[in-house]
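For reference, the structure discussed in these notes is given below.
The values are calculated or read from the model by the stated rules, or taken from the named source; none is laboratory data. Nothing here was measured: the structure is a model prediction, and the numbers come from that model. Here the Cβ positions follow ideal geometry from the backbone for every residue, glycine too, while neighbour counts run over all protein chains shown. Keep in mind that these areas ignore ligands, DNA and RNA; they rest on the heavy atoms of the full protein, side chains included. Shrake-Rupley method; radii C 1.70, N 1.55, O 1.52, S 1.80 Å.
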Amino acid sequence: MSRLPVIVGFGGYNAAGRSSFHHGFRRLVIETLDAQSRQETLAGLAVLMKRITVVDGQYRSPEGEPLTLAGIESRYAREILDSTLVRRIEKQHLDVDAAYWQKNLSLAGVDGQPLGFVTSRKQLPEPLPASWSVEPLDNGEVRVTLEGGVDVRVDSYRELPVKSAGQLPTGFEPGELYNSRFHPRGLQMSVVAATDAIRSIGLPWKSIVDHIQPDEIAVFSGSIMSQLDENGFGGLMQSRLKGGRVSAKQLPLGLNTMPADFINAYVLGSVGTTGSVTGACATFLYNLQKGIECITSGRARVVLVGNAEAPITQECIEGYGAMGALATEEGLRQVGGREDVDFRRASRPFGENCGFTLAESSQYIVLMDDALALELGADIHGAATDVFINADGFKKSISAPGPGNYLTLAKAVAAASQLVGIEGVRERSFVHAHGSSTPANRVTESELLDRVAGAFGIEGWPIAAVKAFVGHSLATASGDQVIAALGTFKYGILPGIKTIDRVADDVFREHLSLSTRDLVLGDRQMDVCFINSKGFGGNNATGVILSPRQTEKMLKKRHGEAAFAAYLAKREQTRANAEEYDRNARLGQLDIIYNFGNDLIDDQQIELGTDGIQVPGFSQPLRFRKDERFADMLD
């Protein structure tokens with residue numbers, strides 16, 4: 001009997017804001033929300049973005065004027081909405097109208113005369129070029145005479161053709177929330193996002209750890225682009241060419257595994273399993289598969305799964321742009337058929353589009369096995385039962401879509417049918433499509449979805465595409481999709497693809513339902529979401545996420561009505577604790593976990609035995625497990 005991986009916490013930050021308690025999801029469907037939910041989310045964003053402050057629990061304007069929720073909405077709603085989701089790249093990332101360049105320049109003397117200049121002796125190159133002659137001057141200066149010409153590089157600035165991205169809400173800087181000196185942006189985001197997920201559980205982390213063995217915690221996290229800003233690999237690669245020095249931190253902090261390492265070392269203090277599986281745009285699902293396997297096999301009882309990606313750098317934009325993968329200003333102008341470009345509609349899944357839109361995001365979910373969740377009274381937001389991964393076979397183009405996604409999606413639908421029945425899949429499932437907003441994806445993925453739907457007898461299969469709002473966050477992309485799926489389970493709203501006016505003519509949709517407006521499901525309760533991802537190189541994955549309703553139904557079946565009733569009683573306090581964190585977070589009290597150098601383990605105090613290990617700081621001993629895998633092969 002396998003343990004069921006249930007989702008007991010989730011959190012993070014992307015262009016829609018804070019993910020825990022569905023605030024990021026609320027931003028996606030804010031036009032369709034009730035007034036109370038809408039105003040709470042707007043107020044939380046206003047604080048996060050430093051538009052307003054909180055004094056003694058009271059919202060206040062910059063001038064010190066008290067504000068109600070309704071007052072915040074009427075005064076700041078337009079500014080908040082304009083400063084979230086996909087939009088024109090803001091200058092805290094880079095100036096897309098004047099991006100830094102170095103231009104090659106060939107210099108020669110006038111009328112065949114030698115070229116000369118005066119400089120400091122310390123600035124002379126080593127070794128001195130053969131065509132240079134040097135004459136000493138006063139004050140450590142020299143006069144240099146060149147026979148012939150010389151090539152130099154001079155600072156220059158150019159306009160970037162790509163001008164849109166999914167950016168964190170304007171004014172929100174994760175590095176300001178803790179002592180983040182020299183941390184690349186992606187690692188800053190992983191610390192604050194992991195904290196949000198852990199705080200959302202509503203149970204003290206110490207109490208969870210005290211119930212399990214030290215090695216029954218696992219963390220799977222990473223970033224496919226590594227850390228490419230000046231504090232990571234970007235600074236490492238650029239420093240010598242810019243005349244600077246490499247720091248001792250740039251290389252280690254640039255590693256793509258570092259989000260997991262930071263979480264273990266500074267957030268959780270975990271000594272359990274850790275790792276980072278990279279699979280291009282399907283990376284979150286690759287890590288989720290590892291988490292599911294750890295839970296179902298019993299190797300771990302609690303798993304934190306997620307990713308952090310901060311790719312809004314000039315190098316990333318130019319790299320993906322050189323592939324023709326990104327939506328450019330001119331491309332958007334042609335697609336929109338008008339001179340002025342609306343960068344908020346740059347990401348256009350399944351509509352007339354011209355490329356995807358890069359985004360930054362960090363998302364985490366906390367998995368727990370069903371028995372532990374019931375024992376602790378954890379709040380259950382759903383379950384992650386399967387992730388299927390398949391490659392494309394032989395390829396002509398490494399970046400082109402391929403057949404592997406047919407295998408992953410079909411297997412996912414077949415697996416879900418065994419859990420909720422084929423009628424359950426036909427009537428109560430939806431898909432969060434990869435929906436990258438490229439012309440190739442809208443055709444190939446829609447054909448895939450349509451053919452699989454037809455094969456399983458699914459009609460009007462609801463399709464969502466969260467990249468329309470938050471852009472493509474690469475490693476974290478499927479995390480954005482999972483967070484949005486949990487929001488649909490909670491609120492009964494499926495986000496429409498609101499950045500397009502209509503579905504493109506070449507999209508396959510005989511068996512699909514794609515809407516440009518939010519779909520209020522009403523009495524039609526969804527029980528399954530398929531999270532689909534198509535990555536460069538043939539990295540295809542499809543995950544199966546069950547609703548809280550379906551998960552609770554399965555838990556009652558396994559554990560019995562009496563045990564489930566006892567669990568519900570415990571859950572009340574958990575929910576109260578979690579709601580207190582949400583209230584505080586809306587007031588700007590995010591309480592970031594960053595334990596630098598605290599509670600270090602003295603390895604001399606580790607007690608070793610033949611039955612297990614006692615690790616200092618952990619209540620439970622680590623018990624060696626009996627291994628019977630190869631019993632039939634032994635004497």
*asked:* If you average the alpha carbon positions of region 571-632 and of region 330-401, how far apart do those two centres end up, in angstrom?
replied: 31 Å
*Any chance you could check the Cα centroid distance between region 152-190 and region 275-308 for me, in angstrom?*
27 Å
*Which loop-located trypsin sites (Lys or Arg not before Pro) does region 545-635 contain, where loop means any DSSP state but H, G, I, E or B and the Cβ has at most 16 other Cβ atoms within 10 Å?*
ARG625, LYS626, ARG629
*asked:* Could you tell me which residue out of GLY424, GLY351, GLY402 lies farthest along the dipole of region 350-438 toward its positive end? Charges go on the beta carbon: Lys and Arg +1, Asp and Glu -1, centred on the Cα centre.
replied: GLY402
*Of all accessible heavy-atom area on region 296-420, the percent that carbon and sulfur account for (1.4 Å)*: 53 percent
*What share of the DSSP beta bridges in the chain is antiparallel, in percent to the nearest 5?*
75 percent
_Within region 55-150, what whole-number % of the accessible surface is contributed by carbon and sulfur, with the 1.4 Å probe and all protein chains included in the calculation?_
50 percent
*Report relative contact order for region 299-420 in percent, whole number only (criteria: Cα-Cα under 8 Å, sequence separation at least 6).*
28 percent
_Which entries of LYS290/LYS626; LYS50/LYS249; LYS467/LYS498 have Cα-Cα distances beyond 20 Å here?_
LYS290/LYS626; LYS50/LYS249
*Considering the dipole of the chain built from charges on the beta carbon (Lys and Arg +1, Asp and Glu -1) around the Cα centre, which of GLY148, GLY243, HIS434 is farthest to its positive end?*
HIS434
*For the charge dipole of the chain, defined by +1 on Lys and Arg C-beta atoms and -1 on Asp and Glu C-beta atoms about the Cα centroid, which residue among VAL8, GLN167, GLN213 has the Cα displaced farthest towards the positive pole?*
VAL8
*asked:* Given Cβ point charges of +1 (Lys, Arg) and -1 (Asp, Glu) and nothing else, what value in debye, to the nearest 20, does the dipole of region 387-519 about its Cα centre take?
replied: 240 debye
*Additional length obtainable on full extension of the chain from TRP101 to ASP627, 0.36 nm per residue less Cα span*: 183.4 nm
*DSSP loop trypsin sites (Lys or Arg not before Pro) in region 195-262 with at most 11 other Cβ atoms within 10 Å of their Cβ, which ones?*
ARG240, LYS242, ARG245
*Rounded to the nearest 20 debye, dipole of the chain from Cβ charges on Lys, Arg, Asp, Glu*: 760 debye
_Please compute the length gained on full extension between ARG558 and ILE606, using 0.36 nm multiplied by the number of residues separating them and subtracting their Cα-Cα distance._
13.5 nm
*Hey, what do the phi angles of region 560-566 turn into as Karplus ³J(HN,Hα) couplings, whole Hz, using 6.51/-1.76/1.60 and θ = phi - 60°, x for Gly and Pro?*
x, 4, 5, 5, 6, 5, 5
_Could you order the peptides 338-349, 363-374 from most to least packed, using the average number of other C-beta atoms within 10 Å per residue?_
363-374, 338-349
*Taking a probe of 1.4 Å, how large is the accessible area per residue of the chain, in Å²?*
44 Å²
*asked:* Please list 3J(HN,Hα) in residue order for region 77-94, calculated via the Karplus relation 6.51 cos²θ - 1.76 cosθ + 1.60 where θ = phi - 60°; whole Hz, with x for glycine and proline.
replied: 4, 4, 5, 5, 4, 6, 9, 10, 6, 5, 6, 4, 4, 8, 6, 5, 8, 5
